[in-house]
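Enquirer: Below you'll find the structure I mean.
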Amino acid sequence: MNATDLMRVCKRCHCSKPVEQFPQRTSSHSTKNICTDCRDKRVAEWYSKNASTKEITEKRCGYCEAVKPVSEFMRRRWSQDGVSATCRKCTLELNLQKAGSKLVAEKICPTCRTLKKASEFGFKALAVDHLSRNCKDCQRWYVIKSKYGIGKREYELLFQSQDGKCAICKRPSVEPLAVDHCHGSLRVRGLLCDKCNKGLGQFEDNTAFMLNAISYIDMNRSKQ
């Protein structure tokens, strides 16, 4: 390969530069016609020309025509004021209207193969029906399996061995019990309620901290 093959002329500054100084095209393995420096200058020129001269705190929605704070609009880096033309609420409504007949009231989960209501699926804006592929229950078991290595059957056996109660406070929980594991060996230790699980995390599984906390509570209790 000749040295000239590693050089390229920028169509903007007309300078001969190494190929490494030209941006790579996303659609192919070739490079763009202008160098990186000229690209950055062109972007800066565009922003200085199109950017708003003053920051706005409110904007009129182009759909509902209500004046709302800019926090209720989505960011749009290419727009003149930096936010979308319609507010978040109207943008969602327009997307749902665009979906039209594609919206469904029920859907079959491909994992459990059960027909369930749309409310039992998560929201996914990019999906045709705006619903997640799997139902919330199957998605939960997928996360537990991938993080802790136990499936629904192992979880239920552990749940039954604890009589459906938290392994620490021994109280039943309205919410599903969380899987507690050793952060060193990654071994599953049991099922805990949300408060006990977060408490262990705050104490960093350090028994010395826990014993000091017990002594602290007992000491102050005797002073009452």
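Read-outs: derived from the displayed coordinates by stated rules, not from any lab. Only a predicted model underlies this, so the values are computations on that prediction, with no experimental measurement involved. Every residue, glycine among them, receives a Cβ derived from its backbone with ideal geometry; neighbour counts consider all protein chains shown.
Enquirer: Relative contact order of region 58-98: what whole-number percent is it, with Cα pairs under 8 angstrom and at least 6 residues apart?
Expert: For region 58-98, the relative contact order is 32 percent.
Enquirer: What FRET efficiency would be calculated for the residue pair residue 36, residue 78, taking the C-beta separation as r and a Förster radius of 30 Å, to the nearest 0.05?
Expert: 0.90
Enquirer: Which net charge results for the neighbourhood of residue 132, defined as the other residues with beta-carbon distances under 12 angstrom from its beta-carbon, given Lys and Arg at +1 and Asp and Glu at -1? Walk me through the intermediate numbers first.
Expert: Numbers: positive: 107, 116, 124, 133, 136, 140; negative: 120, 129, 137.
Result for the neighbourhood of residue 132: +3.
Enquirer: Where a Cα-Cα gap under 29 Å defines reach, which lysines qualify for residue 107, not counting those fewer than 8 residues away within the same chain?
Expert: 89, 98, 116, 117, 124, 136, 145, 147, 152
Enquirer: Relative contact order for the chain: what percent, with Cα pairs under 8 Å and sequence separation of 6 or more?
Expert: Numbers: 220 pairs, mean separation 15.3, N = 224.
Over the chain, the number comes to 7 percent.
Enquirer: What is the Cα centroid distance between region 123-151 and region 160-208, reported in whole angstrom?
Expert: Rounded to whole Å, the Cα centres lie 23 Å apart.
Enquirer: I'm spelling it out carefully: the read-out is percent of Cα pairs over 26 Å apart, the candidates are [x] 58; [y] 53; [z] 69, and one was derived from this structure. Which label?
Expert: [z]
Enquirer: With a bin width of 10 angstrom, please list the P(r) values of region 67-167 as percents of all Cα-Cα pairs, from the 0 bin to the one holding the largest distance.
Expert: In order of increasing distance, the bins hold 13, 27, 24, 20, 13, 3, 0 percent.
Enquirer: May I have the extent of the alpha carbons of region 149-209 along their three principal axes, as whole Å values ordered from largest to smallest?
Expert: For region 149-209, the Cα extents along the three principal axes come out at 33, 25, 16 Å.
Enquirer: In nanometres, what is the gap between the two model label sites at residue 220 and residue 141, each 7 Å from Cα along Cα-to-Cβ?
Expert: Using points 7 Å along Cα→Cβ, the separation is 4.4 nm.
Enquirer: Can you tell me the FRET efficiency between residue 171 and residue 119 if r is taken as the Cβ-Cβ distance and R0 is 25 Å, rounded to the nearest 0.05?
Expert: Working: r = 29 Å, r/R0 = 1.15.
It comes to 0.30.
Enquirer: What nm value, rounded to one decimal, do you get for the distance between residue 163 and residue 67 when each label is placed 7 Å out toward the C-beta?
Expert: A separation of 6.4 nm, rounded to one decimal place.
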